[in-house]
Every structure is written in structure tokens, then in C-alpha cells.
Amino acid sequence: MDIIFADRKLEKYANDFSLAQRKLGNNQAKLLHKRLNDLYDAENFSVLHDLPGHHHPLTENRSGQWGCNLEQPTRLMYKPIVPDELAQTEEKIDLVQLVELSVIEITDYHDKKIKR
């Protein structure tokens, strides 16, 4: 799957393991790189449910986004990039058609005190 990053900091963490270790801690950095490698290797969104890390779509104020576990309670947040031709149809989009994603953030979205 193709992955883009919402900001340069996330991209640097993805491309520089030692930086991710310094900023996120060793366990968190290992899990981040493991989850990203799984996402790179995935053919499309239909296989994400089978990957380690409990990949799942979110609801309510995070509808349209997905999350997966890093070091509890932290999650890697991402969303599918829907091709224009699919976005303009009113039909439900098949997860097999989604082959790109944007990594949004690393956060504990359950903690209301964290500023996003």
C-alpha cells in the first residue's frame, strides 16, 4: 500500500528508527515501524483486519479514520485516500479499492486531555 504522512515529523519517525527511539521510546518505535511495514506490505484496506495491532475503523468524531495499537494506550491514526472517481459516486466503497493511506498522528484518542 502507498503511504503518505500528514506532517514531516511523522515521516521522519518512519524513516529514521533512531530518531523514533529517542522521541517515542524503544518499544513504541519498534511497534510503529512494525505497523508501518505491515501497512506497506498490505495490498489494500480489506486485509487490515487480519494484521497484528488491531487495525479498525473509528466512529463519531473520528469517522473515516482508522487506528491500530502501538504501546497501550497509544494508537497510530491513519485514513484511506479515496480516489476521486470513487469519492464522486454514491455507492459504498469496497475496501479492496482503497490502496493508499495518510498517516495522521500518533495519539491516545481516548484521553480527552490530549490536545490534537
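Tabulated results
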quantity: Helix-only mean residue ellipticity at 222 nm for the chain, each DSSP H run of n ≥ 4 adding -39500 (n - 2.57), per residue, nearest 500; calculated: -9000 deg cm²/dmol
quantity: Lys/Arg +1, Asp/Glu -1 at C-beta; the range 12-116 dipole; positive extreme among LEU70, ILE93, LEU24; calculated: LEU24
quantity: Cα-Cα over 25 Å, subset of LYS34/LYS92; LYS12/LYS92; LYS12/LYS79; calculated: LYS34/LYS92; LYS12/LYS92
quantity: Rounded to the nearest 20 debye, dipole of the range 3-54 from Cβ charges on Lys, Arg, Asp, Glu; calculated: 420 debye
quantity: Value of relative contact order over the range 2-107, rounded to a whole percent, pairs C-alpha under 8 Å and six or more apart; calculated: 30 percent
quantity: Computed lengthening from LEU19 to GLU100, 0.36 nm per intervening residue step minus Cα-Cα distance; calculated: 26.7 nm
quantity: Inter-part distance where the range 1-28 and the range 58-80 are each reduced to a Cα centre, Å; calculated: 16 Å
quantity: Gaussian network model of the chain, springs between alpha carbon atoms under 10 Å - residue of GLY53, GLY67, GLY25 with greatest fluctuation; calculated: GLY25
quantity: GluC sites (Glu not before Pro) lying in DSSP loop within the range 6-62, provided at most 16 other Cβ fall within 10 Å; calculated: GLU43
quantity: Within the chain: Cβ-based charge dipole about Cα centre, in debye rounded to nearest 20 (Lys, Arg +1; Asp, Glu -1); calculated: 960 debye
quantity: Candidate aspartates and glutamates for bridging to LYS9, where Cα separation is under 16 Å - those fewer than 8 sequence places away on the same chain excluded; calculated: GLU105
quantity: Pair ASP7, LYS34: separation of 7 Å Cα→Cβ label points (nm); calculated: 2.6 nm
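Readers should treat all values here as calculations from the given coordinates under stated rules, not as data from a laboratory. In this text the structure is predicted, and so the values were computed from the model without any measurement. Note that we place each Cβ from the backbone using ideal geometry, even for glycine, and neighbour counts take in every protein chain shown.
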